[in-house]
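Chemist: Structure in structure tokens, see below.
The values are calculated or read from the model by the stated rules, or taken from the named source; none is laboratory data. These figures come from a predicted structure and were not determined experimentally. Positions of Cβ are backbone-derived with ideal geometry, glycine not excepted, and every protein chain shown enters the neighbour counts.
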Amino acid sequence: MGQRRQYRGTVTSWDADNGYGEVDVPGLGPVWCHYSVIEAEPGTFRELSVGAQVVVSVYYRPDDEVSEAAGYRWIAEHLQRHDVVQEDQT
């Protein structure tokens, strides 16, 4: 796999019961996110809050697969909460 391209975005929806939601990335659009791609410490609950700032790596779904992915063209492959990113850099 090549180098990940990271984008900053904002969580616009999150369904905690089902473990998925949407992140809006300026200039890219909506990105579908599953809880399994959220970076977290072992043993902690992987959840997001609407309005949270995140850093997300994505992959693109070709046109023929978009309808199968509930209309999402971009899918998150890795996500980190922005507050965690800031702590790591200090």
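Chemist: Anything in the range 37-59 that is surrounded by fewer than 11 Cβ atoms within 10 Å (Cβ to Cβ) and at pLDDT 90 or above? List them, or say none. If you could, list the steps in order and put the result at the bottom.
Modeler: Within the range 37-59, the first condition is being surrounded by fewer than 11 Cβ atoms within 10 Å (Cβ to Cβ), and the residues that meet it are 41-45, 49, 51.
SER49, GLY51, listed by residue number.
Chemist: Answer yes or no as to whether THR12 is at pLDDT below 80 and hydroxyl-bearing (Ser, Thr, Tyr). I'd like the intermediate steps shown before the answer.
Modeler: Working: at pLDDT below 80: no; hydroxyl-bearing (Ser, Thr, Tyr): yes.
No; evaluated as a whole, the condition is false for this residue.
Chemist: Continuing with this model, one more query. Just the residues that are touching a residue at least 24 places away in the same chain (Cβ under 8 Å) and aromatic (Phe, Trp, Tyr), please, taken from the range 1-23.
Modeler: TYR7, TRP14
Chemist: Continuing with this model, one more query. In the range 24-51, what residues are without any contact (Cβ under 8 Å) to a residue 12 or more places away in the chain and among the polar types (S, T, N, Q)?
Modeler: THR44
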